[in-house]
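Next up is a structure, given as C-alpha cells.
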Amino acid sequence: MSRGLPPEAEEFLRRLRLALSGLGREQRDDVLAEIRSHFEERARAGENPALEQFGSPDEYAAQFIAESTLHSALAKGTPFALGHALLVAARGSLFALLVLLPLAALQLFAGCLVVLASIKPLWPDNVGLFFEPGGRFRAVGFVDPPGALHEVLGWWAIPVFLVSGALIFWASHRAMRAAVRRRLARTALPRHER
C-alpha cells in the first residue's frame, strides 16, 4: 500500500478493483498498479490525482474491459469471439442492433447454405431454388413437399450453395473484424491512462 495518496484516490482504486473483478487477477493487478503509479507520480509532483480524467471507476473499468475484449477477439479471430467482443463493446447501443445482428444473421444464413448443400443428395427434390409455375421466385432452401414448385438449380445447388455460403461467411467475417477494429479505435484508452 502506498503512502501519500488522497482518500478519494484510494477510494477510486478500491472501487476500480471491484469493477475489474471480471478480469484475471494478474491483469487486474497490472491495471491497478499502473493507475496507482500514475496517481503517485502526480502526488510526488504536488498535483491532485486528476480523477476526473478517468471518469467513474465503473465507466473506466467497462471501457478497459471492452478494449481488452476487442484486442483478444482480434487475436482469436473466431466469429464467436468477434461477436462477443462487439456485444461487450456495444453495451446496448444501436451499434449492436444495426451492425452486429445483421452480421450474425449473415453468418447464420451462410451456415444454412452449407447445410443445404450437404443434404441435397439426401433430398434432391426438396432442396434448392424454387419458383412457381408462372416464373415467380418462391423459396430457397428445403421445401416439403415441393408440389407445383419447380427447382431450377438441380445438382448445381450443391456448388452454388457451398460457394455462396463460403463467400457470405467470409465477407461477413471480414466485416465483423473491421467493426471490431473500428470499435477498438473508438474505445481505445488514451496512452497515459492504460
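Of the conditions (1) on the phi < 0 side of the Ramachandran plot; (2) part of a loop (DSSP other than H, G, I, E, B); (3) not basic (Lys, Arg), Ile35 satisfies every one except a single condition; which number is it?
Ile35 satisfies every listed condition except (2).
Look through region 37-64, keep the residues that are exposed (fewer than 11 other Cβ atoms within 10 Å of the Cβ) and of a type in the set (D, E, K, R), and return whichever of them is nearest to Leu16 (Cα to Cα).
Checking each candidate, the answer is Glu52.
Residues checked against (1) modelled with pLDDT of 85 or more; (2) among the small types (Gly, Ala, Ser); (3) assigned to a helix (DSSP H, G or I):
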residue: Ala85; (1), (2), (3): no, yes, yes
residue: Ala89; (1), (2), (3): no, yes, yes
residue: Gly92; (1), (2), (3): no, yes, no
residue: Phe95; (1), (2), (3): no, no, yes
residue: Leu101; (1), (2), (3): no, no, yes
residue: Gln107; (1), (2), (3): yes, no, yes
residue: Trp123; (1), (2), (3): yes, no, no
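Here is a further query. What pairs come up if the first residue lies in region 106-129 and is acidic (Asp, Glu), the second is in a loop (DSSP other than H, G, I, E, B) and exposed (fewer than 14 other Cβ atoms within 10 Å of the Cβ), and their beta carbons are under 9 Å apart, counting only those six or more places apart or on different chains?
Close Cβ pairs (under 9 Å, with a partner that is in a loop (DSSP other than H, G, I, E, B) and exposed (fewer than 14 other Cβ atoms within 10 Å of the Cβ)) amount to Asp125/Pro145.
If you check every pair at least six apart or on different chains, which have Cβ atoms under 6 Å apart with a residue in region 154-180 that is in the same structural domain as Leu82 (by TED's automatic domain parsing) first and a residue that is among the charged types (D, E, K, R) and surrounded by 13 or more Cβ atoms within 10 Å (Cβ to Cβ) second?
Here the result reads Ala157/Lys120; Ile158/Lys120, each pair linking region 154-180 to a residue that is among the charged types (D, E, K, R) and surrounded by 13 or more Cβ atoms within 10 Å (Cβ to Cβ).
The values are calculated or read from the model by the stated rules, or taken from the named source; none is laboratory data. Everything numeric in this text was worked out from a predicted model, so none of it was measured. Don't worry about glycine lacking a Cβ; one is built from the backbone with ideal geometry, like all the others, and counts go over all protein chains shown.
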